[in-house]
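Enquirer: My questions all concern the structure below.
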Amino acid sequence: MSASLSRIRYAPWDAYELVNDLLSVVVVPALGGKIMSLMSRQTGREWLWRNPHLPLQAPAADASDYGAHDFGGWDEVFPTISACKVTGTAWGESAITDHGELWRRPWSVVDESIDANGAASLSLRCELTEFGVAFARRLTLAADAGRLTCDYTTENRASLSAPYIWAAHPLIAIRPGDVWSLPTGTRVRLGLGLGIDAAPAGTEFRWPHLPLVSGENIDLRVIPATDAAYSLKLFALETPTMRLQSDNVERLTLSLESNKPNFALWLNYGGWSGADCPPYFNAGFEPTNVAYDSLADAASSGNAAVLTPGGVNEWRLVVEST
């Protein structure tokens with residue numbers, strides 16, 4: 001058995017498809033290196049959510065409103081999640097864009113190959129030239145397993161340090177009754193609650209019981225009905241692996257190989273949309289190296305990752321569909 005790598009068209013854009021008997025992956029370099037499809041070939045389940053309300057289009061070079069470009073799929077978020085300024089660094093004096101600088105830029109294909117073991121690889125790179133920073137991601141689909149390995153490299157050619165937050169940002173096409181799997185007792189921090197009387201932002205609790213203002217709690221493991229009408233942003237702290245399970249049949253597992261593994265969870269159960277359209281029912285299943293949304297806050301508290309001048313940082317994310 002061997003994986004394949006093909007050049008295809010995705011609407012008007014050039015794209016690449018990595019395929020084996022168990023999993024297919026579609027990547028569009030021109031759309032911020034976005035992964036448009038992550039599909040189980042055993043069940044036909046498309047794991048990635050697509051926004052039915054926004055037509056897919058390439059962002060303008062000066063685009064800054066991520067909500068208006070929240071098309072779905074999988075983006076890479078770097079060097080911040082929420083827009084902010086981090087002066088005195090390689091990022092300069094202007095605000096860094098909401099959801100980072102990668103989603104609005106075309107990426108370049110560096111390499112495409114099939115190795116001796118039959119695994120297919122696609123390497124892409126995005127040059128943030130005005131900052132002197134580069135971001136690269138190599139996707140490798142195993143020959144004989146539903147496993148996608150994502151190897152990341154960041155490089156700083158600037159004369160100043162570049163603090164950063166990175167988060168993978170796959171938006172998942174969740175279904176009511178799907179189950180989030182984290183070790184019971186995992187420490188979780190609440191970032192935001194919309195449409196629900198959750199405890200204040202910053203509250204820490206133990207998975208899976210989210211505390212409410214009333215003193216009661218709710219169990220977060222099972223995804224509710226589509227009319228739940230609330231949203232939560234959570235950070236599962238110091239945990240390297242998380243899983244979404246459906247009907248005891250399908251599982252999507254993400255494992256972050258990093259010295260600071262965390263997971264951000266954006267549980268949007270019909271409580272929010274960033275555009276002038278109905279709220280979404282989806283989830284951001286987001287491994288991250290830093291459990292903050294704002295790079296300014298992470299840097300000021302000493303919790304940001306840092307690229308020193310001339311420095312290179314590397315890490316790995318493994319995605320398994322079983």
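The values are calculated or read from the model by the stated rules, or taken from the named source; none is laboratory data. Model, not experiment: these values are computed from the prediction. Using ideal geometry, Cβ is built from the backbone for each residue, glycine included, and neighbour counts are taken over all protein chains shown.
Enquirer: Under the condition of being of a type in the set (A, V, I, L, M, F, W, C) and in contact with a Lys or Arg (Cβ under 7 Å, 6 or more places away or on another chain), which residue from segment 97-120 is surrounded by the fewest Cβ atoms within 10 Å (Cβ to Cβ)?
Expert: First, the residues of segment 97-120 that are of a type in the set (A, V, I, L, M, F, W, C): 102-103, 107, 109-110, 114, 116, 119-120.
Pick out the ones that are also in contact with a Lys or Arg (Cβ under 7 Å, 6 or more places away or on another chain) and you get 107, 110.
Details: Trp107: 22, Val110: 12.
The extreme case among them is Val110.
Enquirer: Right, another one. When Arg104 is evaluated against the numbered criteria (1) within 26 Å of Arg316 (Cβ to Cβ); (2) over 17 Å from the mean Cα position of the chain (by Cα), which criterion, by number, is the only one it fails?
Expert: Answer for Arg104: the failing condition is (2).
Enquirer: More than 30 Å from Val249 (Cα to Cα), surrounded by 17 or more Cβ atoms within 10 Å (Cβ to Cβ), in contact (Cβ under 8 Å) with a residue 24 or more places away in the chain and small (Gly, Ala, Ser), is that true of Ala198?
Expert: Values: more than 30 Å from Val249 (Cα to Cα): yes; surrounded by 17 or more Cβ atoms within 10 Å (Cβ to Cβ): yes; in contact (Cβ under 8 Å) with a residue 24 or more places away in the chain: yes; small (Gly, Ala, Ser): yes.
For Ala198, the condition - more than 30 Å from Val249 (Cα to Cα), surrounded by 17 or more Cβ atoms within 10 Å (Cβ to Cβ), in contact (Cβ under 8 Å) with a residue 24 or more places away in the chain and small (Gly, Ala, Ser) - is met.
Enquirer: Quickly run through segment 201-236 and pick out the residues that are within 15 Å of Phe263 (Cα to Cα), in contact (Cβ under 8 Å) with a residue 24 or more places away in the chain and among the aromatic types (Phe, Trp, Tyr).
Expert: Once the filter is applied, which keeps residues that are within 15 Å of Phe263 (Cα to Cα), in contact (Cβ under 8 Å) with a residue 24 or more places away in the chain and among the aromatic types (Phe, Trp, Tyr), segment 201-236 yields Trp207, Phe235.
Enquirer: Let me ask you something else. Out of the residues in segment 242-262 that are buried (at least 18 other Cβ atoms within 10 Å of the Cβ) and without any contact (Cβ under 8 Å) to a residue 60 or more places away in the chain, state the one that is nearest to Asp219 (Cα to Cα).
Expert: Asn262
Enquirer: Taking segment 174-204 on its own, how many of its residues are over 19 Å from Asp227 (Cα atoms), touching a strand residue (DSSP E or B) at 6+ places or on another chain (Cβ under 6 Å) and β-branched (Val, Ile, Thr)?
Expert: The total comes to 3.
Enquirer: Which residue out of Thr239, Thr184 is of a type outside the set (A, V, I, L, M), free of Cβ contacts under 8 Å to residues at least 40 places away in the same chain, under 17 Å from Ala264 (Cα atoms) and not in a strand (DSSP E or B)?
Expert: Values: Thr239 fails: free of Cβ contacts under 8 Å to residues at least 40 places away in the same chain.
Result: Thr184 is the single residue among Thr239, Thr184 that is of a type outside the set (A, V, I, L, M), free of Cβ contacts under 8 Å to residues at least 40 places away in the same chain, under 17 Å from Ala264 (Cα atoms) and not in a strand (DSSP E or B).
Enquirer: Further question on the same structure: What pairs come up if the first residue lies in segment 165-180 and is farther than 14 Å from Phe78 by Cα and of a type in the set (D, E, K, R), the second is assigned to a strand (DSSP E or B) and modelled with pLDDT under 95, and their beta carbons are under 6 Å apart, counting only those six or more places apart or on different chains?
Expert: Asp178/Ser246
Enquirer: Here is a list: Ser214, Ser159, Ser231. Which entry is more than 16 Å from the chain's Cα centre (by Cα), of a type in the set (S, T, N, Q) and in a strand (DSSP E or B)? Outline the logic, then answer.
Expert: Numbers: Ser214 fails: in a strand (DSSP E or B); Ser159 fails: in a strand (DSSP E or B).
Just one listed residue meets the conditions, Ser231.
Enquirer: Could you check segment 1-78 for strands (runs of 3 or more DSSP E) lying wholly inside it with 2 or more residues that are aliphatic (A, V, I, L, M)? Let's see the steps before the verdict.
Expert: Numbers: elements: 4-10, 13-19, 23-28, 34-40, 74-77.
Of the strands (runs of 3 or more DSSP E) lying wholly inside segment 1-78, those with at least 2 residues that are aliphatic (A, V, I, L, M) span 4-10, 13-19, 23-28, 34-40.
Enquirer: Of everything in segment 265-310 that's of a type in the set (Val, Ile, Thr) and assigned to a loop (DSSP other than H, G, I, E, B), which residue is farthest from His69 (Cα to Cα)? Talk me through it step by step, then tell me what you get.
Expert: Within segment 265-310, the subset of a type in the set (Val, Ile, Thr) is 288, 290, 306, 308.
Cutting the leftovers down to assigned to a loop (DSSP other than H, G, I, E, B) gives us 290, 308.
Numbers: Val290: 24, Thr308: 31 Å.
Going through the qualifying residues, I end up with Thr308.
Enquirer: Identify, by number, the condition in (1) in contact with a Ser or Thr (Cβ under 9 Å, 6 or more places away or on another chain); (2) part of a strand (DSSP E or B); (3) under 30 Å from Ala304 (Cβ atoms) that Thr89 doesn't meet.
Expert: (2)
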